[in-house]
1. What angle do you read, to the nearest 10 degrees and between 0 and 90, between the alpha-carbon axis of helix 93-116 and the longest principal axis of the chain?
2. According to a simple spin-label model (label point 7 Å from Cα along Cα-to-Cβ), what is the distance in nm between S111 and E27?
3. Nearest 20 debye, what's the magnitude of the dipole of the range 69-122 about its Cα centre given +1 on Lys and Arg Cβ and -1 on Asp and Glu Cβ?
4. Between T43 and I91, what's the calculated FRET efficiency when r is the beta-carbon distance and R0 is 41 Å? Round to 0.05.
5. How tilted is helix 4-13 with respect to the longest principal axis of the chain? Cα atoms for both, answer in degrees (0 to 90, nearest 10).
6. Return the sequence-ordered ³J(HN,Hα) values of the range 65-82 in whole Hz as given by the Karplus equation 6.51 cos²θ - 1.76 cosθ + 1.60 applied to θ = phi - 60°, using x for Gly and Pro.
7. Pop out the Kirkwood hydrodynamic radius of the chain from its pairwise C-alpha distances, inverse of mean 1/r, in Å to one decimal.
8. Over the chain, with the other protein chains present, what is the accessible area per residue in square angstrom, probe 1.4 angstrom?
Amino acid sequence: MINRKGLINIARKNEALRRKEIIYTAEEWKQIEKKAAKCHLKTSTFIRAMSLDGAVTVVDLKELAPLLNGMRIISNNVNQVAKKANELNNIYAEDVDILRNEVQSLCRTVSQWLSTVTLPKP
């Protein structure tokens, strides 16, 4: 683990890195900490995002969890099929195409659904 002085020395020696010290009042820092915590970010990450992008957008995708779990299950099943096919050295190209088309269809459906998710206004 690099101590703070070591990190500062690295930043000074590396021309691609820039360091800027900013001083906040105790109240300002509390506000920054609250906002960063609300976004589930470290304060440094929050400050960097705000200074570069002007906003931090947090999207709650809890409703996506069942879909992701289903996709994980499908992925495991596809892996089991692939392992069995490799063991037996016997698989039909038509079966592979059917499986590929089904997975692609699922990916398109997920992509279409994600494209309709609206981001909250900052």
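The values are calculated or read from the model by the stated rules, or taken from the named source; none is laboratory data. Quantities reported herein were computed from a predicted structural model and do not represent experimental measurements. Counting neighbours? That spans all protein chains shown, and the Cβs are built from the backbone with ideal geometry, glycine included. Ligands, DNA and RNA are excluded from the accessible area calculation, which covers all protein heavy atoms including side chains. Shrake-Rupley method; radii C 1.70, N 1.55, O 1.52, S 1.80 Å.
1. 30 degrees
2. That separation, rounded to one decimal, is 5.1 nm.
3. Working: 6 positive and 5 negative charges, 76 e Å.
Here the size comes out at about 360 debye.
4. On the way: r = 53 Å, r/R0 = 1.29.
With R0 = 41 Å, the Cβ-Cβ based efficiency is 0.20.
5. Value to nearest ten degrees: 80.
6. 4, x, 5, 5, 5, x, 5, 5, 5, 4, 4, 5, 5, 4, 5, 5, 4, 5
7. Details: mean 1/r = 0.0506 Å⁻¹.
Evaluated over the chain, this radius sits at 19.8 Å.
8. Working: 11020 Å² over 122 residues.
I get 90 Å² per residue for the chain.
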